[in-house]
Amino acid sequence: MENKKIVAVEISHRKAPMEIREGFVFNKEYITNLAKTFKEKAGCEEVFILSTCNRFAIYAYTNDVNPILGFFKHCGDISQYTTVCNDTESAVKHLYDTASGLESQAIGEHQILGQLKEFFELNQEAQTIGTVLNNLIRSAIHCGRLVRSNTDIGRYVTSLSGVAYEMLKNRDMELKDTSVALIGTGEMAELMWNFIEKDEYKNLYVVSRDEQRAREFSRSIAQPVLLNDFSSVINEVDVIIGVTSAKDPIMGSSILNSKTNNNDILIIDLGMPRNFDLDFKNSENVTLYDLDDIKQITYDSILKRQAEIPKANDIIANEAHQFIEWLNNREVVPVIVGLKEHIEKCIAEELKWVHPKLGHLDEIQTRNLNKLVSRISQSILKEPIANIKAAAQNEAEKEVVIKTLQDIFNLN
């Protein structure tokens, strides 16, 4: 049987178009149960599932990636859209790249760190994370922070909400003459609100299916509107921003039948799945941008951030090396501990033999004698332990060293 390793399988914007990604939007209850299933029934010792608007990834500490691949295959013939990391080194680097924003649609964006922490806590509650993935995720988050504090990769606006705000500002019409409708009151809406609340608008609407939620979210700045009543303000609206997590489009082009003027409308769809029916793209006086369209718009800012990627990669390589070194050393720790205990047992037996032959020793002499033999022990073990840890970084050498030491010193 293969030794345990960290593996990862992911569907993301890197390879999969939106219509494929939409099939991997699951609620947290489903994700929790899925993680438990992989741990309890698929032989995965530890499991971590990450789900964002642009990715669905399963990380596991296991000896076989096939059960995870089986889940993705069960969802359809999508192998060409999946990223598979079937060894520890590539899986660790992939998570560190993700935490650092290198795998994000908006390179260097900060939101991914919050999402990592959110799903880390979710998987912890499901009790599917153990020592290995616990250290991996914590170190990945630490790496992400290091990259952002030591490079300019997060400096230029490329976050989805940031880009949407730039699109709003760059219209021909002044903001103070613009009416904006924000549809949604969830986490993504909060991020969008952080941008738009800075400015003054002709009208600002917060639209939701829940009247109370719309009223609370409006913060006395915007006008709350029920989604079912949106047709009543369609004539006033110049920009509509959709940020809900609804499973199906919340608005079709038929809403335009209520429109009695020819004013242009900009629709920015940040939803995953889509919030707006694609028919809007065929409607007169309407411009619709979805997540894939926004990916193209972010190109200029991405070029600036890409110049920082080599610096980020250096940090990631160093942090990943430290984690993998810890992981490899972790496997030889029982042998090192056993070796130390074996030596300590030998020392104790020899001290027990020699004490009667030395006559009476006072407290200081006894302490110095014990300190002497301890220093000799440490000196003898220092180089062997360093060599054991060095061998642990090579898979073939590691197994030979562990087996040899176990046999020679009877450490089983």
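Taking a straight line from the alpha carbon of LYS357, these lysines sit under 23 Å away, with near neighbours fewer than eight places off in the same chain left out: LYS345, LYS371. Based on the Kirkwood radius over alpha-carbon pairs, what is the Stokes-Einstein translational diffusion coefficient of the range 135-203 at 20 °C with 1.002 mPa s viscosity, in µm²/s? It diffuses with D of about 149 µm²/s by this estimate. Taking only the alpha carbons of the chain, we obtain Rg and Dmax values of 29.1, 109 Å in that order. Of the trypsin sites (Lys or Arg not before Pro) found in the range 181-267, those in coil by DSSP whose Cβ has at most 13 other Cβ atoms within 10 Å are LYS198, ARG219, LYS247. Evaluated at 25 °C with a viscosity of 0.890 mPa s, what Stokes-Einstein diffusion coefficient in µm²/s does the range 27-156 have when Rh comes from the Kirkwood expression over alpha-carbon pairs? Approximately 162 µm²/s, per Stokes-Einstein.
Only helical runs count toward this figure. For the chain, summing -39,500 (n - 2.57) over DSSP H runs of n ≥ 4 and dividing by all residues gives -16500 deg cm²/dmol at 222 nm.
This model, with +1 at the C-beta of Lys and Arg and -1 at the C-beta of Asp and Glu, gives the range 31-85 a dipole about its Cα centre of some 140 debye.
Converting phi to 3J(HN,Hα) with the Karplus coefficients 6.51, -1.76 and 1.60 and the offset θ = phi - 60°, the range 347-357 yields 4, 4, 5, 5, 5, 5, 6, 7, 3, x, 7 Hz in sequence order, with x at every glycine or proline. The magnitude of the dipole of the range 113-219, with charges of +1 and -1 set on the Cβ of Lys/Arg and Asp/Glu and taken from the Cα centre, is near 260 debye.
Sequence-ordered 3J(HN,Hα) estimates for the range 162-173 from the Karplus curve with 6.51, -1.76 and 1.60 and θ = phi - 60° stand at x, 5, 4, 5, 5, 5, 5, 6, 8, 5, 5, 8 Hz, glycine and proline given as x.
Our note on the geometry: Cα centres of the range 181-206 and the range 117-168, 23 Å apart. Since only LEU278, ASN261, LEU227 are under comparison, the one whose Cα sits farthest along the positive direction of the charge dipole of the range 210-351, derived from C-beta charges on Lys, Arg, Asp and Glu, is ASN261.
Solvent-accessible area per residue in the chain equals 51 Å², computed with a 1.4 angstrom probe and all protein chains kept.
Past 28 Å, Cα to Cα: identify those pairs from LYS15/LYS247; LYS36/LYS403; LYS73/LYS93; LYS93/LYS389, in the order given.
Listed pairs above 28 Å: LYS36/LYS403.
Put GLU10, GLU284, GLU174 in order of accessible area, highest first, and with a 1.4 Å probe you get GLU284, GLU174, GLU10. Amide H contacts under 5 Å for GLU46: TYR61, restricted to partners 5 or more places along the chain or on a different chain, H placed in the peptide plane at 1.01 Å from N.
Report Rg/Rh for the range 284-412, rounded to two decimals, where Rg is the Cα radius of gyration and Rh the Kirkwood radius. Show your work: numbers first, answer last.
Values: Rg = 28.3 Å, Rh = 20.1 Å.
We get a ratio of 1.41 for the range 284-412.
Take the cross-link list LYS117/LYS169; LYS202/LYS295; LYS28/LYS117 and give me the ones stretching past 22 Å between alpha-carbons.
Checking Cα-Cα distances, LYS117/LYS169; LYS202/LYS295 exceed 22 Å.
Note on the chain: with a GNM built from Cα contacts shorter than 10 Å, the maximum mean-square fluctuation among ILE31, ILE221, ILE68 falls on ILE221. For the range 7-61, trypsin sites (Lys or Arg not before Pro) meeting the loop criterion (DSSP other than H, G, I, E, B) and having at most 14 other Cβ atoms within 10 Å: ARG14, LYS15.
The values are calculated or read from the model by the stated rules, or taken from the named source; none is laboratory data. Note that the structure is a prediction, hence the values are computed from the model and not measured. Heads up, the Cβs are rebuilt from the backbone with ideal geometry, glycines too, and the neighbour counts pull from every protein chain shown. What goes into the accessible areas is simple: the full protein's heavy atoms, side chains included, and nothing from ligands, DNA or RNA. Shrake-Rupley method; radii C 1.70, N 1.55, O 1.52, S 1.80 Å.
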